[in-house]
Every structure is written in C-alpha cells, then in structure tokens.
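**Q** Dropping the structure in here first, questions after.
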Amino acid sequence: MDAALRSLLQQMPKAELHMHIEGSLEPELIFALAERNRVKLNYPSVEALRRAYAFTDLQSFLDIYYAGASVLLAEQDFYDMTWAYLQRAHADHVLHTEMFFDPQTHTERGVPFATVINGIHRALQDAHDQWGMSGALIMCFLRHLSEEEAFATLEQAMPHRDKFIGVGLDSSERGHPPEKFARVFARCKELGLHLVAHAGEEGPPEYIRTALDLLKVERIDHGVRCLEDEALTQRLARDKVPLTVCPLSNIKLRVFDKTADHNLLKLLDAGLTVTVNSDDPAYFGGYVNDNFVQMFDALPLEKSHAYRLARNSFAASFLDGATKQKYLEQVDAFFDR
Ligand code: ADE
Ligand code: ZN
C-alpha cells in the first residue's frame, strides 16, 4: 500500500462501534492493577502473559480475557482502563465510539455495578470535555450465563439507565443461540434501549437470522459467516443491517487463517453496510487503525472503500440524526480535500 493511502486510513474521521472495554486492557496495565489491588495473577511477567495470547478459538481467548479482567476492582481501575483506550482511539482519529462493557464479569466477583459503570462513564465524559469525542455505552449480557441472570443484571442497571444506550450479547457463541435471550431483549426493547448481538462469528448464519427475528437487533456484531447463506446476505443488504466486523479478531480467533483470506471485500461487494472495528485490541494485536491498515495491505481495497467504510461507521452508529449528519459531512470534507 502506498504511503498516501496509509495516511488517509489513519487520519480519516471514523467511529468505532465494536470494542469491548475489558478487551482494551494491555498486559502492562493488568500487571499494574494487579499490584495496586494485590490480585494474584497466574503469569510471572508481562511477557509471559503476552506469550499466552496464542488463541485457537473464541473460548481459548475468553478464558484469558476473563482472567485479565479479574484485576479490576475500584472505580478508578475502570476509569484508567477506559481512559487508556480513549487516548488510543483519539490518536486513531476516532471521533465517536460505542463501547461494550460486560458487567457480569465484575458483579460475579462482588464488584458493584455502580463501580463499573461510573468509572467507565467518567472517562467518556472527560474525552468529550477534552477533545469533543462522543461516546456511548452498550451493556452486554454474557450468553454462557442464564437468561435469569441477564434479567438480574438489567435490574441492577436500571438506576443507571441514563449512562447506557443499548444492550448486546457476547461471550461463548456456540451452544448459546440468540433465542435463549428473547424475553430479556423484548424487555430491553420496551425500555427503549438499542439492541445488538454478536452472531455469525463462530456460530452459524442461522444465529444471525434468529438475532434479527427473535431478538430484533438493529446491528449484527461480526456476522462474517452470513456469506454462507445467500438469502440471508441479500436480506442484510436490502435492509441495510450494519455488520460490525473485526478483522484482526477473526484472524487471531481462527475464523480465517490469514489476513488475505478475510472476507471483508466480499462483504462490501455484496452490498453490506460493513464497518471495521478492533473488538479486543489489547489481545488481537491492534487498535482500529491497525485493523484498517492490515486489511488494506492484504486485500485489493482502495480509497473508495476507505470512504465507504468511514461513512458506514457513522451511518451505522446510534447517534441522533443531526449529529450523524455533522460527522458524515466531516467525512465528505476529508475525502474532498
Ligand atoms: N467478548 C469479548 N470479545 C468477544 C468476542 N469477539 N466474541 C464474543 N464475546 C466477546
Ligand atoms: Zn466482540
């Protein structure tokens, strides 16, 4: 890729719509927080922990990701983690971010819900005050846990309803189909929350269909396996259902063998509203710009694709119409230079 295209990818205005804040915990911060909180880790050093990041599938990653999150105890820990991500996102010209958080990973360990959300939310406010960056939170239910536990989490979240805009579904996909959470998603819809779900990452295309039909989600997180089902692909294109794709995650979790095998260009060619995101940047070898650069290096993607992806990132966001329009005009102005 030539230097001009690389610089364009890095500097173009963009939104990030699929990033788990707990997945932005870098090994150095995990060790610093472990020391601060006197939490014992099963790894002797930062290097040893980083060496363990050789995943064979989604579950092998999740096991380490949940172990890493065990160092988060105080509100300031959640603030520090979020602030570190926001600084990196700002450097990558992310103007708007919709971040996932996994409250159950923390409440299960006795950390109060308020501690989690207040720390994350305060960092988002500071990013807004300092750089004008906009941000929002999407609370994810862990799909390996029960629907009853999801309902209990929603109950704990209600006093903080003004601090998050939607709910999602993450963790182990296989064996935990969307319909397991149909009733809790129906309740969230009644509450006026936005709805998204991970589907078609490792799980079959059928999970994408049931996420749409039974959970009534507005976006699909990942969704890369949709291309195995032509009718589904046509439906996603026709209804402009955004897919928040995370290329480096898909490589690290062995959904595709190597970057050149990724189906990002095929998804775009199928007319889908694709966005590029980092998922769990501390674990998968890069933040959002690394995802863009590595895909454009590996696939025959050009400036016109960059323009589409930048526009899609804002178009697929849950921003209000006027703010969305303002960002889209910023993208247009950037590409018209
Ligand atoms: N939690 C964090 N990252 C995830 C992913 N890529 N898929 C499912 N659950 C996750
Ligand atoms: Zn994800």
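The values are calculated or read from the model by the stated rules, or taken from the named source; none is laboratory data. What you are looking at is a predicted structure, and each value in this text was computed from that prediction instead of being measured. Virtual Cβ from ideal backbone geometry, glycine too; neighbours counted across all protein chains shown. Remember, those area values only see protein heavy atoms, side chains included, never the ligands or the DNA or RNA. Shrake-Rupley method; radii C 1.70, N 1.55, O 1.52, S 1.80 Å.
**Q** Would you be so kind as to identify which of Met158, Ser317, Ser60 lies farthest towards the positive end of the dipole of the chain, taking Lys and Arg as +1 and Asp and Glu as -1 on Cβ and the Cα centre as origin?
**A** Result: Ser317, furthest along the dipole toward the positive end.
**Q** According to the square roots a ≥ b ≥ c of the eigenvalues of the Cα gyration tensor, what is the shape class of region 180-337, taking rounded for a/c under 1.5, prolate for a/b larger than b/c otherwise, and oblate for the remainder?
**A** oblate
**Q** Still on this structure: What is the list of residues in region 260-303 whose amide nitrogen lies under 15 Å from a point 7 angstrom out from the Cα of Asp239, following Cα to Cβ?
**A** Hits in region 260-303 for Asp239 at 15 Å: 272-273.
**Q** Under the classification rounded if a/c is under 1.5, otherwise prolate if a/b is larger than b/c and oblate if not, where does region 101-187 fall, given a ≥ b ≥ c as square roots of the Cα gyration tensor eigenvalues?
**A** Cα axes put region 101-187 in the prolate bin.
**Q** Using only Cα atoms, locate the centre of region 87-141 and the centre of region 183-219, then give the distance between them in Å, rounded to an integer.
**A** Measuring centre to centre over Cα atoms gives 22 Å.
**Q** For region 278-324 and region 1-67, what is the separation of their Cα centres, given in Å?
**A** Value for the Cα centre distance between the two parts: 18 Å.
**Q** Could you give the nm distance between label points at Glu302 and Glu155, where each point is 7 Å from its Cα heading toward the beta carbon?
**A** In this crude label model, Glu302 to Glu155 measures out at 5.8 nm.
**Q** Another question about this same structure. In whole Hz and in residue order, list the ³J(HN,Hα) couplings for region 121-127 that follow from phi through the Karplus curve 6.51 cos²θ - 1.76 cosθ + 1.60, θ = phi - 60°; x for Gly and Pro.
**A** With coefficients 6.51, -1.76 and 1.60, one gets 5, 5, 5, 4, 5, 5, 5 Hz.
**Q** State to the nearest 20 debye the size of the charge dipole of region 3-335 about its Cα centre, where the only charges are +1 on K and R beta carbons and -1 on D and E beta carbons.
**A** About 380 debye.
**Q** Using the charge dipole of region 199-337 (Lys, Arg: +1 at Cβ; Asp, Glu: -1 at Cβ; taken about the Cα centre), state which of Ser304, Phe292, Pro205 has its Cα farthest towards the positive end.
**A** Result: Ser304, furthest along the dipole toward the positive end.
**Q** Then there's this: In debye to the nearest 20, how big a dipole does region 1-109 give about its Cα centre with +1 on each Lys and Arg Cβ and -1 on each Asp and Glu Cβ?
**A** 220 debye
**Q** For the chain, what % of the accessible area comes from carbon and sulfur atoms, probe 1.4 Å?
**A** 49 percent
**Q** Which whole-number percentage describes the relative contact order of region 3-335, with Cα contacts under 8 Å and a sequence gap of 6 or more?
**A** With pairs under 8 Å counted, the relative contact order is 20 percent.
**Q** Expressed in nm to one decimal, what extension gain is obtained for the pair Glu179 and Ala270 from 0.36 nm per residue of sequence separation less their Cα-Cα distance?
**A** Length gained between Glu179 and Ala270: 30.0 nm.
**Q** Let me ask something else about it. In region 3-335, what is the count of Lys pairs whose alpha carbons are under 16 Å apart, counting only pairs at least 8 residues apart or on separate chains?
**A** Within region 3-335, the lysine pair count is 9.
**Q** Rounded if a/c is under 1.5, else prolate if a/b beats b/c, else oblate: with a ≥ b ≥ c from the C-alpha gyration tensor eigenvalues square-rooted, which is region 7-131?
**A** It comes out oblate by the Cα gyration axes.
**Q** Treating only the Cβ of Lys, Arg, Asp and Glu as charged (+1, +1, -1, -1), what charge dipole size does region 233-337 show about its Cα centre? Round to the nearest 20 debye.
**A** My answer is approximately 240 debye.
**Q** Leaving out ligands and nucleic acids, note down the accessible area per residue over the chain with a 1.4 angstrom probe, in whole Å².
**A** I get 39 Å² per residue for this part.
**Q** Still on this structure, I have one more. For labels at Tyr66 and Val46 in the simple 7 Å Cα→Cβ model, what's the distance in nm?
**A** 2.7 nm
**Q** Let me ask something additional. Determine the gain in length on full extension of the stretch Ala54-Gln87; use 0.36 nm per residue of separation and subtract their C-alpha separation, reporting nm with one decimal.
**A** That works out to 9.3 nm of additional length.
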